[in-house]
Structures are given as structure tokens and as C-alpha cells.
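Q: Supplied in C-alpha cells, the structure appears directly below.
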Amino acid sequence: MGEAPAFFADHVENGHHTNGFGVKTEPEHRDASVQIGDRSYVIGGNHEGNPLFLGVKIHDKNTNKWSSPTVLGTGPKPCKGYSAIVLKQGRILVIKKGSASDDSIWFLEVDSPFVREQRKLLGKEVVAWSKGVRGNAEKPIVISGPSGVGKGTLIAMLMKEFPSMFGFSVSHTTRSPRCMEENGVHYHFTDKTVMEKEINDGKFLEFASVHGNLYGTSIESVEVVTDSGKRCILDIDVQGARSVKASSLDAVFIFVCPPSMKELEDRLRARGTETEEQIQKRLRNAEAEIKAGESSGIFEHILYNDNLEECYKNLKNLLGINDESPVNGVEVEGINLPKEHTVTKNEDKILIQETGESTKNNMIVLDLSSVNGGAPGRTRGIVLDTVNSS
Ligand SMILES: Nc1ncnc2c1ncn2[C@@H]1O[C@H](COP(=O)(O)OP(=O)(O)OP(=O)(O)O)[C@@H](O)[C@H]1O
Ligand SMILES: Nc1nc2c(ncn2[C@@H]2O[C@H](COP(=O)(O)O)[C@@H](O)[C@H]2O)c(=O)[nH]1
């Protein structure tokens, strides 16, 4: 692809600012561009002709060619204009002009650890979107443990007691539904070829072959929960937990152990959802999983599920939930970003100065010093404040 993209980009020099240069997007220019090394990233227009997705194009100075990377994660919807500024660790801050505070701050990861890993995995150019979330939304929770130990039971108890605090990341699987399982609620039941294609398209945060079937967590499943303001719970096996640990999801990792292999077997049989052959397979895998769970260094918490009520109490304790202190401290007060503005960077602070005739000299300070998380998922810990600069 050797042509210019079908939308207008800011002059690339405008975007070259790793050390606190101001970035100004001309009012009539809807798109923004930044330069990192020999590449210009142009943010604007739409993605593959879809008006609902903001486009990203890359111009390589050496080859003088434009390309469209594979875009991971759900990006922002197009709007009237953008400002963009290069941050550390291969990330670009993208501010949507004149949009509501819950939709104005986005991060385009172009060379973050997650993007580098995905690039290697998929063998093609990749960028990833991550939405900025204000305040310190609680970390997602990864729960692993052998089949039949009681993970699902504990998660169901938590979701029942705190329905507005926790949301379940609905996994994809190629196994057949059990009689009470609903598609889209317990799992997204899917075909192997479809799931493999989606894995190749980079739609999954992690995936693994477990007890002979393919299971995986799509990036979208985690985003849906985070966007609803709830703390996301992932029920995944140890291989999946290892992949999540290597990603930038920044989760709390909990491993649930059975009191004994005999008890595990009894629970699996009593559940009555597997054939004898499947039970044997799950029990064989359980030994290796328990070993990995206890000694792999992935899990910072190990729970023993002997007495269910006691184990549930311990789970709540380690999540910091007791009667006095509910979870979820998401800050929601709105500050809408002005339509016309300039952006400057001063270390971890981004200064957004309103411009235009009706300006009230309001400056918005976006503090990125405590951000955490990132693609796949959300970038949390953003602090926004308004100061009068006159
Ligand atoms: N502490 C406990 N004591 C006795 N039975 C339990 C306990 N915890 C869970 N169970 C029972 O054990 C069975 C397996 O539990 P559950 O389905 O929650 O396991 P799981 O870890 O989610 O399994 P899988 O990984 O296969 O989905 C269920 O019938 C459940 O009611
Ligand atoms: N790596 C992943 N493992 C997953 C996911 N969803 C579920 N699981 C694990 O699979 C086994 C079996 O589950 P079952 O529903 O068939 O009994 C269990 O250990 C789950 O934790 C996933 O998305 N990724």
C-alpha cells in the first residue's frame, strides 16, 4: 500500500514530542499524528470503512509507505477531533475533543510489552487500544484451581452477594454446553475453527487447551465488565493464568486447592456433569495443576476449599471486603474536555489548555503518575483536575 490514507493528518512534525513539546491540532484538522522514530502514527478517519471505529494508519519514513496495522481491543468511536501525545513505553495518549469525561481519554499502545508480544504471536503489525478510566477501579481477579474444587461455586456466591461490584468474564469454549448452561452467560459456546480464527485475529487475552477442549478469554469479555464499572472475575486454568500474568492486565491471582484428591473426585462425581472418562482426565490434570498452583509463583493467594462457608469468608477477606468497607472506588465526577484545546506534556502531567474565543482560561491537568493496567483492558488510575490559569 503506497498511497496516502484517505483522511487528512496533521503535519507529522507537530506530533514529534517525546519531551514536553506542545501539540496543537488545527481546528479544521480532525486527525492527529505523532512520530516515533521513523514512523508516524495517524489517528483519525475510520477503521476499515467502519464509521463506528476510529482509524489508525502508519507511515514509514524509510519506505515512504502507509500501512494499516491490526487493531486490538475496542477503540474509541470517531469524533470531531483528537489530540495525541507520545508517552513512555510505546504508548500514545489520545484525547477526544469535546467529549464526555468517561469517553475522552484513550491510549494507543504501539510498542508496549503487550503489543510486542502480540506482534510476535500474530506475525504482523499490531497496535492496541486501551480506554482511560478515572480513579482506581479495583484490579481484576483471576481464580484458578483444579476442575471440581469449587471455583464456580465461590464466584457465584460473590456475585450473588455483591451483584453491583463484580462481573464475570464470560469465556469462550469449544466444549458442549451442560444442560443448565446458557450461551453468553456461562460461556460463549463456539466452534473450534471460528475460535481459532478469532485467536489468530488477536481477539483473545489468553487461551489454552484444557481437558481436551479450547477455552479462552476474549479482550472484549474483560472490557464489557470493566466498562460496566464492575470488578472483573476470570475463572481460568493455570495456563491461562500464566498468560494473563505475562500480560499487562495487572490482576489479583488466586488459586483454590481441594482438601484432598479423594474429596476432589467426590465433588466431580457428585456434580454429575462429566462422563467417567472425562472425570479421570480432569483428575489426572488436577495433580499437575495443584503442583503448578502452589509452586509456579503465579498466585499470590492460595485458598483451601474444605468448608465452603469458611473458604468464602477467606476469599472476601483477601479481597478486602468486609461489612465496613465495600469494594470499588471508581471516581465518577465529570470533567468534559474542551473542544478546542492545546496539549502540553510535563513529565507525568498533561496540561490541556482551552483555546478559542469563549475560553474561561481553564486548564485541565491530567495526571498520569499513578496509571496502571493497559491493553488488553483498561488503563486505570487517571486523575483529572481543573485549575484556572489566568
Ligand atoms: N467446600 C465444598 N464442599 C463440598 N462441596 C463443594 C464445596 N465447594 C464446591 N462444592 C461442590 O463441588 C462441585 C464442583 O464445584 P464447582 O462446579 O464450583 O467447581 P469448579 O472448580 O468451578 O469446577 P470446573 O473447573 O470444572 O468448572 C459442585 O457440585 C459444588 O456444589
Ligand atoms: N485458560 C482458560 N481456562 C478456562 C477458561 N474458562 C474456563 N477455563 C477453565 O477450564 C476448566 C474447565 O472448565 P469447565 O467449565 O469445562 O468445567 C476450568 O479449570 C476452568 O477454570 C478460559 O477462558 N481460559
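Q: Quick check: with the 1.4 Å probe, what order do E206, E300 take by accessible area, largest first? Provide the component values of the computation, followed by the final result.
A: Numbers: E206 10, E300 100 Å².
Descending accessible area places them as E300, E206.
Q: Now for a separate question. Can you list residues from other chains, or at least 5 along the same chain, whose modelled amide H is less than 5 Å from the amide H of V133?
A: T379, R380, G381, I382
Q: Pull out a ≥ b ≥ c, the square roots of the eigenvalues of the alpha-carbon gyration tensor of segment 153-265, then state rounded if a/c is under 1.5, prolate if not and a/b is larger than b/c, and oblate in the remaining case. Display every interim value, and only then the final one.
A: Details: a/c = 1.31, a/b = 1.10, b/c = 1.20.
It is rounded, given that a/c, with a ≥ b ≥ c, falls under 1.5.
Q: Further, regarding this structure: Provide, as a two-decimal number, the C-alpha radius of gyration of the chain over 2.2 N^0.38 Å, N being how many residues it has.
A: Working: Rg = 23.2 Å, N = 390, 2.2 N^0.38 = 21.2 Å.
Ratio of Rg to 2.2 N^0.38 Å for the chain: 1.09.
Q: Follow-up. Counting only the heavy atoms of the protein chains, how much of S296 is accessible to a 1.4 Å probe, in Å² to the nearest 10?
A: Using a 1.4 Å probe on the heavy atoms, I get roughly 50 Å².
Q: Okay, next question. Excluding same-chain residues fewer than 8 positions from K151, which lysines have a Cα within less than 26 Å of its Cα?
A: Leaving aside lysines fewer than 8 places away in the same chain, those within reach of K151 are K139, K160, K192, K203, K230, K245, K262, K281, K291, K313, K316.
Q: Read phi for every residue in segment 64-73 and hand back ³J(HN,Hα) as whole Hz from Karplus 6.51 cos²θ - 1.76 cosθ + 1.60, θ = phi - 60°, with x for Gly and Pro.
A: Ordered by residue, 3J(HN,Hα) equals 6, 10, 9, 9, 10, x, 6, 9, 9, x Hz.
Q: Please calculate the 1.4 Å probe accessible area of D250, with all protein chains present, and give it to the nearest 10 Å².
A: That residue has around 50 Å² of solvent-accessible surface.
Q: Still on this structure: Mean 1/r over all different Cα pairs, inverted: what Kirkwood radius does segment 27-75 give, in Å? Mind showing how you got there, number by number?
A: On the way: mean 1/r = 0.0866 Å⁻¹.
Roughly 11.5 Å, rounded to one decimal.
Q: While we're here: Of the beta bridges DSSP finds with both residues in the chain, what % are antiparallel, to the nearest 5? It would help to have the intermediate numbers written out before the result.
A: On the way: 60 of 84 bridges.
Bridges in the chain are about 70 percent antiparallel.
Q: Would you work out the charge dipole size for the chain about its Cα centre, treating the Cβ of every Lys and Arg as +1 and the Cβ of every Asp and Glu as -1, and quote it to the nearest 20 debye? Could the numbers behind the result be given before it?
A: Values: 46 positive and 54 negative charges, 104 e Å.
In total the dipole reaches around 500 debye.
Q: Leaving ligands, DNA and RNA out of it, work out the accessible area of L384 with a 1.4 Å probe and give it in Å² to the nearest 10.
A: Estimated to the nearest 10 Å², L384 gives 10 Å².
Q: Would you list the P(r) distribution for segment 252-301, with all Cα-Cα distances sorted into 10 Å bins from 0 and each bin expressed as a whole %?
A: Taking every Cα pair in segment 252-301, the percentages come to 25, 47, 25, 3.
Q: Where does the chain land at 222 nm, in deg cm²/dmol rounded to the nearest 500, when only DSSP H runs of n ≥ 4 count, each adding -39500 (n - 2.57), divided by all residues?
A: Details: 8 runs with 90 residues, N = 390.
About -7000 deg cm²/dmol.
Q: Under 5 Å between amide hydrogens, which residues at least 5 positions from G150 or on another chain qualify, with H placed 1.01 Å from N in the peptide plane?
A: Result for G150 returns nothing.
Q: Can you list which of the trypsin sites (Lys or Arg not before Pro) found in segment 147-176 are DSSP loop residues with at most 16 other C-beta atoms within 10 Å? Intermediate results must be reported in sequence, preceding the final value.
A: Numbers: sites: K151, K160, R175; in loops: R175.
The qualifying sites are R175.
Q: Also, quick follow-up: What does the net charge come to around D250 if you take all other residues with beta carbon closer than 13 Å to its beta carbon, with K and R at +1 and D and E at -1? Intermediate results must be reported in sequence, preceding the final value.
A: On the way: positive: K139, R231, K245, R378, R380; negative: E138, E300.
Once positives and negatives cancel, what remains is +3.
Q: Please give the charge dipole size of segment 70-200, origin at the Cα centre, charges +1 on K and R Cβ atoms and -1 on D and E Cβ atoms. Round to the nearest 20 debye. Don't jump to the answer; show the numbers that get you there.
A: Numbers: 19 positive and 13 negative charges, 78 e Å.
Around 380 debye, computed over segment 70-200.
Q: Taking a 1.4 Å probe, which of R116, R378 shows the most accessible area, and what order do the others take after it? Show your work: numbers first, answer last.
A: Working: R116 115, R378 10 Å².
The most accessible residue leads, giving R116, R378.
Q: How about K349: which aspartates and glutamates have a C-alpha closer than 17 Å to its C-alpha, ignoring those fewer than 8 places off in the same chain?
A: D367, D385
Q: Further, regarding this structure: Rounded, prolate or oblate: pick one for segment 94-203, where a ≥ b ≥ c are the square roots of the eigenvalues of its C-alpha gyration tensor, a/c under 1.5 means rounded, and failing that, prolate if a/b is larger than b/c, else oblate. Let's see the in-between values first.
A: On the way: a/c = 2.19, a/b = 1.29, b/c = 1.69.
Judged from the Cα gyration tensor, segment 94-203 comes out oblate (a/c at least 1.5, b/c at or above a/b).
Q: Tell me, what is the percent relative contact order of segment 157-235, built from C-alpha pairs under 8 Å that lie six or more residues apart? Before the final figure, lay out each step's value.
A: On the way: 108 pairs, mean separation 30.3, N = 79.
Value for segment 157-235: 38 percent.
Q: Tell me which aspartates and glutamates have Cα within less than 14 Å of K97's Cα, excluding those fewer than 8 residues away on the same chain?
A: E26, E28, D31, E340, E354
Q: For K61, what charge total do you get from the other residues with a beta carbon under 11 Å from its beta carbon, if Lys and Arg give +1 and Asp and Glu give -1?
A: Taking every other residue near K61 into account, the sum is 0.
Q: Further question on the same structure: Under the definition of Cα pairs under 8 Å and six or more residues apart, what whole-number percent is the relative contact order of the chain?
A: Working: 828 pairs, mean separation 72.4, N = 390.
Result for the chain is 19 percent.
The values are calculated or read from the model by the stated rules, or taken from the named source; none is laboratory data. Just so you know, these numbers come straight off a predicted model, no measurement behind them. Cβ atoms come from the backbone with ideal geometry, glycine included; neighbour counts cover every protein chain shown. Side chains included, ligands, DNA and RNA excluded: accessible areas come from the protein's heavy atoms. Shrake-Rupley method; radii C 1.70, N 1.55, O 1.52, S 1.80 Å.
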